[in-house]
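Student: Input: one structure, supplied below.
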Amino acid sequence: MATGQIFSRTTQALFYNYKQLPIQRMLDFDFLCGRETPSVAGIINPGAEGFQKLFFGQEEIAIPVHSTIEAACAAHPTADVFINFASFRSAAASSLSALKQPTIRVIAIIAEGVPESDTKQLIAYARANNKVVIGPATVGGIQAGAFKIGDTAGTIDNIVQCKLYRPGSVGFVSKSGGMSNEMYNTIARVTDGIYEGIAIGGDVFPGSTLSDHILRFNNIPQVKMMVVLGELGGRDEYSLVEAMKQGKVNKPVVAWVSGTCATLFKSEVQFGHAGAKSGGELESAQAKNQALRDAGAIVPTSYEALEDAIKETFGKLVEEGKITPVKEVKPPQIPEDLNSAIKSGKVRAPTHIISTISDDRGEEPSYAGIPMSSIVEQGYGVGDVISLLWFKRSLPRYCTHFIEICIMLCADHGPCVSGAHNTIVTARAGKDLVSSLVSGLLTIGPRFGGAIDDAARYFKDAYDRNLTPYEFVESMKKKGIRVPGIGHRIKRGDNRDKRVELLQRFARTHFPSVKYMEYAVQVETYTLSKANNLVLNVDGAIGSLFLDLLAGSGMFSKQEIDEIVEIGYLNGLFVLARSIGLIGHTFDQKRLKQPLYRHPWEDVLYTK
């Protein structure tokens, strides 16, 4: 491995298995360091393509998403770092695939628990092809003021506190990612900060070793001293001991191996990492610390004394003129996300949507303030749900039962009416359910099923103004307006619509008052004297009876009733009901595998 610097201010990475927070932290670090280009060139999400929106400072950017490693590498040939956030199950396969790409030079494997045999294969391939593997079980690495991997160094506040937004003079390497964050802070307190920091990961077989990175740091001119934090278990530290004894390291090394407390236990102790397990005297923290001390490293007597040892070593290098402490610079302020700013009370922002009928926040959704569990447990029906979502209140049972009857009676009226016909033709053209449904719904209007609101509106106006049926009908005639809710293409005075009769019977039995319906019946009596087909149709029955429901329940003000009629609530009942039938016709045609419909010539009058 050896050689020197592996990251720079122009380094770009490919991020495998999209994770919003680590990527945004990388981009925030880029902005903090004053990078001109984002460090994440592309995202690889198997099976997905497109873009992900993230922030680069104040600017929102779109980062390309690729479905394969090969496609991402081809699209971003200058991105030479592969950050792998795959699970332990797929981390090895995806890492090997990335290593085989000629553009990839460094791989960081975040997952813990990657099978050791797979890791060995990755290490062998990387060494044979002069590539660098950081991890598995790593948080990554960072070059101060230039580039960082994923969640390395934690939050922006911690990065600023550790002075990682600009390069220092210390090279740091550790097995532990968590302890790396602690050490970045320690080093920043007593030196001018780190130049580069690497967490090699806590697995038994790390992709790169402590000595690999120390030897690399030794070749980087900007690194004036090195700090190593090892741990009991394994023999990785001894490769560093040998390198120091052979004179391959000519810069000061301050080192400490954690786990000295293991000797206090009578039996073998397994610490947090897979590799943190002493397998004998040589793998103990005490033995490693002594070996490093004998090889020339500066090894304190305890972890608590590590900070003073780093401070003393740095101070001596400054006195000798080998280090000119870096001048402090003020980093730019990272724009705070709107959500966190609102939560902390720093800003207020207008909302874009107002909703008063439902709330999906909290443990469960609620309709008009009633939790979903209560709706189910109390046996609410469809009519009750409509009363909550449409009228924002729980209506009496006779009201919700009436709503359900309207839905049942209006669900379908055969295949010949215009809405069903349109749906059937569309379904037979091979279109999907939604397209077929919408084609039928679009026929609903003043001439088909959409007259309920108008019927209610005109009947209410006439009744409230005390117009006689004669005055009402004749005034509509003078205006050239057909009376909504009156008239049918098939039904006659001697062949009434059964649906109308059922609705009227229910209302007379359950409603406190049916004054609007009785007025509609009087209008029908007058219109039948003119023509036998001018009967009260289902639109007129529902429209007049809904007025009685609203007025008789005592739960709506006059203004609310007027608003309900004006907005179009009542037509909503027909739209909801007829959707059931239209969906049924769509399924029926598809089930029957009906071919494309063509209207017969003999049913068309061709004329000039």
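The values are calculated or read from the model by the stated rules, or taken from the named source; none is laboratory data. Remember, predicted model here, so these are calculated numbers, not experimental data. Note that each Cβ is placed from the backbone with ideal geometry, even for glycine, and that neighbours are counted across all protein chains shown. Ligands, DNA and RNA are excluded from the accessible area calculation, which covers all protein heavy atoms including side chains. Shrake-Rupley method; radii C 1.70, N 1.55, O 1.52, S 1.80 Å.
Student: Using helices alone, I'd like the mean residue ellipticity at 222 nm for the chain: each DSSP H run of four-plus residues gives -39500 (n - 2.57), total over residue count, nearest 500.
Tutor: Theoretical 222 nm ellipticity from helices: -13000 deg cm²/dmol.
Student: To continue, here is another question. Please compute, over every Cα-Cα pair in the range 11-318, the percentage with a separation greater than 38 angstrom.
Tutor: In whole percent, the share of Cα-Cα pairs in the range 11-318 beyond 38 Å is 12.
Student: In square angstrom, what is the accessible area per residue of the chain with a 1.4 angstrom probe?
Tutor: 49 Å²
Student: Related question: What list of ³J(HN,Hα) values in whole Hz, one per residue of the range 462-477 in order, does the Karplus curve 6.51 cos²θ - 1.76 cosθ + 1.60 (θ = phi - 60°) give from phi, with Gly and Pro shown as x?
Tutor: So the Karplus estimates, Gly and Pro as x, are 5, 5, 5, 8, 6, 6, 6, x, 4, 4, 5, 5, 5, 5, 5, 5 Hz.
Student: Could you work out how far apart the two model spin labels at TYR125 and LYS248 are, taking each label as a point 7 Å from the Cα in the direction of the beta carbon, and quote it in nm?
Tutor: Label-label distance for TYR125 and LYS248, simple model: 2.5 nm.
Student: Still on this structure, please answer the following. Grab the other residues whose beta carbon is less than 11 angstrom from that of GLN589, score K and R as +1, D and E as -1, and report the net.
Tutor: +4
Student: With a point put 7 Å past each Cα toward its Cβ, work out how far GLU471 is from GLU319 in nm, to one decimal.
Tutor: For GLU471 paired with GLU319, the spin-label model returns 11.1 nm.
Student: Oh, and also: Treat every Asp and Glu Cβ in the chain as -1 and every Lys and Arg Cβ as +1, leave all other atoms uncharged, and give the resulting dipole magnitude about the Cα centre to the nearest 20 debye.
Tutor: 1540 debye
Student: Return the percentage of antiparallel bridges among DSSP beta bridges fully within the chain, rounded to the nearest 5 %.
Tutor: Approximately 40 percent, going by the DSSP bridge assignments.
Student: Could you give the dipole magnitude of the range 11-318 about its Cα centre, charging the beta-carbon of Lys and Arg +1 and that of Asp and Glu -1, in debye to the nearest 20?
Tutor: 520 debye
Student: Would you calculate the volume per residue, in Å³, of the smallest convex hull containing every Cα atom of the range 490-608?
Tutor: 210 Å³
Student: Right, something else. Return P(r) of the range 410-590 (all Cα-Cα pairs; 10 Å bins starting at 0; whole %; ordered from short to long distances).
Tutor: 10, 35, 33, 17, 5, 0
Student: Additional query: Dipole size in debye (nearest 20) for the range 538-592 around its Cα centre, Lys and Arg Cβ +1, Asp and Glu Cβ -1?
Tutor: 420 debye
Student: Taking the Cα centre of each part, how many Å lie between the range 141-191 and the range 572-608?
Tutor: Value for the Cα centre distance between the two parts: 68 Å.
Student: What nm value, rounded to one decimal, do you get for the distance between GLN24 and VAL385 when each label is placed 7 Å out toward the C-beta?
Tutor: 3.4 nm
Student: With respect to the cross-link table entries LYS491/LYS558; LYS53/LYS100; LYS131/LYS330; LYS478/LYS608; LYS19/LYS311; LYS477/LYS558, which display a Cα-Cα separation exceeding 32 Å?
Tutor: Pairs exceeding the cut-off: LYS491/LYS558; LYS131/LYS330; LYS478/LYS608; LYS19/LYS311.
Student: Under 12 Å from the 7 Å Cα→Cβ point of ARG393, by amide nitrogen: which residues of the range 523-555?
Tutor: Output list for this probe position: 550-555.
Student: If I fit a long axis through the Cα atoms of helix 397-410 and take the longest principal axis of the Cα atoms of the chain, what angle between them do I get, 0 to 90°, rounded to 10?
Tutor: That works out to roughly 80 degrees.
Student: On a full-extension model of 0.36 nm per residue, what is the gain between LYS498 and SER87, subtracting their alpha-carbon distance, rounded to one decimal in nm?
Tutor: 141.6 nm
Student: Also: If you fit an axis through the alpha-carbon atoms of helix 20-33 and take the longest principal axis of the Cα set of the chain, what angle between them do you get, 0 to 90°, nearest 10?
Tutor: The two axes meet at around 60 degrees.
Student: OK, next. What percent do you get for the relative contact order of the chain when only Cα pairs under 8 Å and 6+ apart count?
Tutor: 9 percent.
Student: Local charge sum around PHE217 (other residues, Cβ-Cβ under 13 Å, Lys/Arg +1, Asp/Glu -1)?
Tutor: Residues close to PHE217 contribute a combined charge of +2.
Student: Read through the labelled values (1) 38.6, 118; (2) 27.3, 103; (3) 46.5, 141 and report the label of the one computed as Rg and Dmax of the Cα atoms in Å from the structure.
Tutor: Evaluating Rg and Dmax of the Cα atoms in Å on these atoms matches (1).
Student: Further question on the same structure: Highest first, please rank the peptides 161-173, 422-434, 330-342 by the mean number of other Cβ atoms sitting within 10 Å of their residues.
Tutor: Output ranking for 161-173, 422-434, 330-342: 161-173, 422-434, 330-342.
Student: Additional query: Need the C-alpha centroid separation for the range 197-211 versus the range 531-569, integer Å.
Tutor: Value for the Cα centre distance between the two parts: 76 Å.
Student: Charges on Cβ only, +1 for Lys and Arg, -1 for Asp and Glu, centred on the Cα centroid of the chain; of GLY383, GLY193, HIS488, which one is farthest towards the dipole's positive end?
Tutor: So the residue we want is HIS488.
Student: Arrange the peptides 33-46, 180-193 so that the one whose residues have, on average, the most other Cβ atoms within 10 Å appears first.
Tutor: 180-193, 33-46
Student: Further question on the same structure: Say the dipole of the range 11-318 comes from +1 at the beta carbon of Lys and Arg and -1 at that of Asp and Glu; which of CYS33, GLY234, ALA291 then lies farthest toward its positive end?
Tutor: ALA291
Student: So what's the net charge close to LYS330: Lys and Arg +1, Asp and Glu -1, counting the other residues with Cβ under 14 Å from its Cβ?
Tutor: Local net charge: +2.
Student: Provide the FRET efficiency to the nearest 0.05 for the ILE567-SER374 pair, computing r from the beta carbons and using R0 = 30 Å.
Tutor: The computed FRET efficiency comes out at 0.65.
Student: At 1.4 Å probe size, with the rest of the protein present, what percent of the exposed accessible area of the chain is carbon and sulfur atoms?
Tutor: After summing per-atom areas, the C and S share lands at 54 percent.
Student: In whole angstrom, how far apart do the alpha carbon centroids of the range 1-55 and the range 60-138 sit?
Tutor: Centre-to-centre (Cα) distance: 14 Å.
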